[in-house]
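Taking it in order: structure first as structure tokens, then the write-up.
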């Protein structure tokens, strides 16, 4: 049985980033649109939404910093130890190739 590529447009990092940004913008617009409604339930929902937006922004910034630090560490390691890095990459590639060839 031949497998089809199941990666959709929505699973790419750029698409996920775009969707998260759109969601945040829509949530901010909702907060602005309901600013004058004085109902207690709406006020509670607005507070929860504002807290969730703030938490999401903090998580995004934290993740972004960790990814940048990881990329810099990997770059340093590759530049400091190029031959061992090539050996590891070759070994991992050979192992993945072997495992994939056995699935057929």
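Is one or more of the residues making up the range 72-90 within 19 Å of the chain's Cα centre (by Cα) and either part of a loop (DSSP other than H, G, I, E, B) or closer than 19 Å to residue 19 by Cβ (or both)? The answer is no, given that none of the residues of the range 72-90 is within 19 Å of the chain's Cα centre (by Cα) and either part of a loop (DSSP other than H, G, I, E, B) or closer than 19 Å to residue 19 by Cβ (or both). Candidates in the range 1-59 are the residues that are under 30 Å from residue 103 (Cβ atoms) and in contact with a helix residue (DSSP H, G or I) (Cβ under 6 Å, 6 or more places away or on another chain); of these, the one that is modelled with the highest pLDDT is 15.
The values are calculated or read from the model by the stated rules, or taken from the named source; none is laboratory data. All of these numbers come straight from a predicted model, not from anything done at the bench. In this analysis, Cβ positions are derived from the backbone assuming ideal geometry, glycine residues included, and neighbour counts consider all displayed protein chains.
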